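So the structure is just underneath, and the comments pick up after that.
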């Protein structure tokens, strides 16, 4: 229980910094292959990250119970809509919640991008996710290029500029 409280407290504190300030915390990474990500999709089917080569992918680990996660979802939806005609995809990986809980959230905040179900937390472990939300930007070759632990307004100019840079490569 202590670990969960630390994760929630840490994520909540990170989110207090606000959107633009947190954009500066979107950290460049030494390019490294993204871990495997092949999960069932909420609503049916499955998604495999390797099948998205040639696209820039925002992989976001989140949970309904996480206030900073809930806060950033509308900006992710706006970003998804803005980039709809571009080779860009958002994958929101839910941290082991029930489909009923996810549906209740989606009734409040409709989302059109894929929500993946990490029911046993194995993908969170493989991606070394210790705080929610945690996000990764994966380039067209399947390499992690940026990461962020905490909330971000994904449709703000600083974040969009980083995504545009990856799209131009």
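Annotations
- Extended-chain gain in nm, criterion 0.36 nm per residue less alpha-carbon gap, residue 168 and residue 50: 40.5 nm
- Burial ordering of 89, 112, 99, fewest other beta-carbon atoms within 10 Å first: 112, 99, 89
- Taking 0.36 nm per residue of separation and subtracting the Cα-Cα distance, full extension of the segment from residue 32 to residue 130 would add 33.4 nm.
- Normalised by residue count, the stretch 2-168 yields a Cα convex hull volume of 107 Å³ per residue.
- Computed [θ] at 222 nm, helices only, for the chain once each DSSP H run of length n ≥ 4 contributes -39500 (n - 2.57): -11000 deg cm²/dmol
- Each Cα pair under 8 Å and six or more residues apart adds its separation to the average, and for the chain the resulting relative contact order is 37 percent.
- The ranking of 154, 65 by Cβ neighbour count inside 10 Å, starting from the fewest, reads 65, 154.
No value in this document is a laboratory result; all are computed from the given coordinates. The shown structure was predicted, so the numbers you read here are calculated from the model rather than taken from an experiment. Glycine also receives a Cβ, built like all others from the backbone with ideal geometry; neighbour counts cover every protein chain displayed.
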